[in-house]
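Just below is one structure, and these are the notes that go with it.
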Amino acid sequence: MVLDAADHDTWSAGSFFTNPFVEAGQVPDGAPSYAQPDGRVKTSAAWLIEHAGFGKGFGLDRPGARVSLSTKHTLALTNRGGASTAGLLDLAREVRAGVRERFGITLVNEPVLVGARL
């Protein structure tokens, strides 16, 4: 991701969640699926996020939590200006919990967190 000071969608670490590998029967109807040699299936984290109700631009706007999903791609969690780590992690937790509740799949963060836990 190339940082552009005028585009808050670039104020991110890029994709925040990895595409999950699940058992074939766990892939929701209509979700992309890619068979793996070990019998599992890889599916799209972005599809899961969007179909769990978190659309592009979904976010939190309160002191210390000016964060949202990118308006261009639901995998990127973005700093809308003045965000805190806590705010970003709150959004990530909300999205992860929503996907788990809707589909029974727990998303895993891609960036390595230092001094913080999801």
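Give the residues of segment 93-116 that are part of a helix (DSSP H, G or I) and either free of Cβ contacts under 8 Å to residues at least 60 places away in the same chain or of a type in the set (Ser, Thr, Tyr) (or both), sorted by residue number. If the condition is that a residue be part of a helix (DSSP H, G or I) and either free of Cβ contacts under 8 Å to residues at least 60 places away in the same chain or of a type in the set (Ser, Thr, Tyr) (or both), then 93, 94, 97, 98, 99, 100, 101, 102 are the ones that fit.
The rows are residues; the columns are (1) under 25 Å from residue 112 (Cβ atoms); (2) at pLDDT 85 or above; (3) β-branched (Val, Ile, Thr); (4) not in a strand (DSSP E or B).
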{"site": "30", "(1), (2), (3), (4)": "no, yes, no, yes"}
{"site": "54", "(1), (2), (3), (4)": "yes, yes, no, yes"}
{"site": "57", "(1), (2), (3), (4)": "no, yes, no, yes"}
{"site": "64", "(1), (2), (3), (4)": "yes, no, no, yes"}
{"site": "77", "(1), (2), (3), (4)": "yes, yes, no, no"}
{"site": "82", "(1), (2), (3), (4)": "yes, no, no, yes"}
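Can residue 43 be described as at pLDDT 95 or above, polar (S, T, N, Q), crowded, with 19+ Cβ neighbours inside 10 Å and within 17 Å of residue 108 (Cβ to Cβ)? For residue 43, the condition - at pLDDT 95 or above, polar (S, T, N, Q), crowded, with 19+ Cβ neighbours inside 10 Å and within 17 Å of residue 108 (Cβ to Cβ) - is met.
Could you identify the single residue in 101, 50, 23, 94 that is surrounded by fewer than 19 Cβ atoms within 10 Å (Cβ to Cβ), touching a Ser or Thr at 6+ places or on another chain (Cβ under 7 Å) and charged (D, E, K, R)?
On the way: 101 fails: touching a Ser or Thr at 6+ places or on another chain (Cβ under 7 Å); 23 fails: touching a Ser or Thr at 6+ places or on another chain (Cβ under 7 Å); 94 fails: touching a Ser or Thr at 6+ places or on another chain (Cβ under 7 Å).
So the residue among 101, 50, 23, 94 that is surrounded by fewer than 19 Cβ atoms within 10 Å (Cβ to Cβ), touching a Ser or Thr at 6+ places or on another chain (Cβ under 7 Å) and charged (D, E, K, R) is 50.
Exactly one residue among 40, 66 is in contact with a strand residue (DSSP E or B) (Cβ under 8 Å, 6 or more places away or on another chain) and more than 20 Å from residue 100 (Cα to Cα), and that residue is 66. In summary, residue 24 fulfils each of the numbered conditions (1) touching a residue at least 24 places away in the same chain (Cβ under 8 Å); (2) touching a strand residue (DSSP E or B) at 6+ places or on another chain (Cβ under 6 Å); (3) not aromatic (Phe, Trp, Tyr) with the single exception of condition (1).
The values are calculated or read from the model by the stated rules, or taken from the named source; none is laboratory data. Here the structure is a predicted model, which means the values were calculated and not measured. Neighbour counts are summed over all protein chains in view; Cβ atoms, including those assigned to glycine, are modelled from backbone coordinates with ideal geometry.
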